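Engineer: Here it is, the structure in full.
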Amino acid sequence: MDNFILISGNKNQSSWSLRAWLMMKIANANFKVKFIDLSTSDYKEQILRYSPSGKVPALIHNDLVICDSLAIGEYLNELFPNANLYPNTVKERAIARSLASEMHAGFTKIRSTMPFRLDYVGKYDDSLMLQQELNRIEEIWSLQRNLYQEKGDFLFGKFCLIDAMFAPIVIRFAKYGYIPDSISARQYCKSILEHKFVKEWIM
């Protein structure tokens, strides 16, 4: 199955494009990427040539255009049911979808005060009012890692869609020098940063 074109922001800036790209890699889809530099003055016009939402990412598959990283993940799960984008059981998939949606809709303070920039190296400002969101992220990571530590290094054992959703947060933490309190959360960050797909995007 091919004819996939992922419309992506540039690697340095687009955390949502990274999420969709990771999902494509997990699905082992044969795809091409059209990168659009979000730092240019006409980036919006460029995106609108491919994506009616005017945002990235968007996935073009034959005559279909799917906008938004989470929608792309759901579409890939339909096309590649054996790719393990989601965990195995109904209960696990429900939890994974709930966490993916929480990441998709939430953590706005972290995203706004710790912008995604691969070329940034700085220091986390602990005076920022982020503690509630940071605590919630650590709670998710620690709980899932404690439940699945014997099945692999990621939130449901194997690297899957939910890890793709949280990977940009891990990268933000690394770039801003934020170190989670719990050992399991720190180990999870290490596993994400060492995953071959994440390293491929960063490099």
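Read-outs: derived from the displayed coordinates by stated rules, not from any lab. A quick note: this is a predicted structure, and the numbers were derived from the prediction, not measured. Note: ideal-geometry Cβ built from the backbone for every residue, glycine included; neighbour counts use all protein chains shown.
Engineer: Relative to the present Cα-Cα distance, how much length would full extension add between GLU45 and ASP181 at 0.36 nm per residue of separation?
Structural biologist: So the chain would gain 44.7 nm between GLU45 and ASP181.
Engineer: Under the rule of at least 5 residues apart or a separate chain, name every residue whose amide H is placed under 5 Å from the amide H of LYS34.
Structural biologist: Long-range HN contacts for LYS34: LEU6, ILE7, SER8.
Engineer: Let me ask another. Which whole-Hz couplings ³J(HN,Hα) result when phi for each residue of the range 32-38 is put into the Karplus expression 6.51 cos²θ - 1.76 cosθ + 1.60, θ = phi - 60°, listed in order with x for Gly and Pro?
Structural biologist: Coupling constants for the range 32-38: 10, 10, 9, 8, 10, 6, 6 Hz.
Engineer: Using a 10 Å cut-off around each Cβ, can you sort LYS91, LYS109 from fewest to most neighbouring Cβ atoms?
Structural biologist: Working: LYS91 9, LYS109 15.
Lowest count first: LYS91, LYS109.
Engineer: Continuing with this model, one more query. Does the chain come out rounded, prolate or oblate by the C-alpha gyration tensor, with a ≥ b ≥ c the root eigenvalues, rounded set by a/c under 1.5 and, if not, prolate when a/b is larger than b/c and oblate if not?
Structural biologist: Verdict is oblate for the chain.
Engineer: Please compute, over every Cα-Cα pair in the range 13-99, the percentage with a separation greater than 17 angstrom. Please report the intermediate quantities before stating the final value.
Structural biologist: On the way: 1890 of 3741 pairs.
So the pairs more than 17 Å apart make up 51 percent of the total in the range 13-99.
Engineer: Most mobile of ASP153, ASP181, ASP63 per a Gaussian network model of the chain (Cα springs, under 10 Å)?
Structural biologist: Sorting by GNM fluctuation, first place goes to ASP63.
Engineer: Follow-up question, since we're still on this one. Let a ≥ b ≥ c be the square roots of the eigenvalues of the Cα gyration tensor of the range 50-139; is it rounded (a/c under 1.5), or, if not, prolate (a/b larger than b/c) or oblate?
Structural biologist: oblate
Engineer: Moving to a separate point now. Can you tell me, using C-alpha contacts under 8 Å and at least 6 residues apart, the relative contact order of the chain as a whole percent?
Structural biologist: Details: 285 pairs, mean separation 45.5, N = 203.
Over the chain, the number comes to 22 percent.
Engineer: Take every DSSP beta bridge whose two residues both sit in the chain, then give the antiparallel share in percent to the nearest 5.
Structural biologist: Expressed as a percentage, antiparallel bridges in the chain total about 60.
Engineer: Sort ARG186, ARG49, ARG19 so the one with the fewest other Cβ atoms within 10 Å of its own Cβ comes first. Each step should come with its number before you reach the end.
Structural biologist: Numbers: ARG186 16, ARG49 9, ARG19 25.
Ascending Cβ contact count within 10 Å gives the list ARG49, ARG186, ARG19.
Engineer: For ASP119 and ASN146, what does the FRET efficiency come to when R0 = 45 Å and r is the distance between their Cβ atoms, rounded to the nearest 0.05?
Structural biologist: Once rounded, the FRET efficiency stands at 0.85.
Engineer: Further, regarding this structure: Among SER98, SER182, rank each residue by its count of other Cβ atoms within 10 Å, from fewest to most, as a rough exposure measure.
Structural biologist: The fewest-first ordering by Cβ neighbours comes to SER98, SER182.
Engineer: Tell me whether the range 124-200 comes out rounded, prolate or oblate; compute the Cα gyration tensor, take square roots of the eigenvalues as a ≥ b ≥ c, and use a/c under 1.5 as the rounded threshold. Provide the component values of the computation, followed by the final result.
Structural biologist: Values: a/c = 2.11, a/b = 1.39, b/c = 1.52.
Note, shape of the range 124-200 comes out oblate.
Engineer: Another question, if that's okay. Looking only at SER15, SER112, SER142, which one moves most when the chain is put into a Gaussian network model with springs between Cα atoms under 10 Å?
Structural biologist: With Cα springs under 10 Å in the chain, the top fluctuation among SER15, SER112, SER142 is at SER112.
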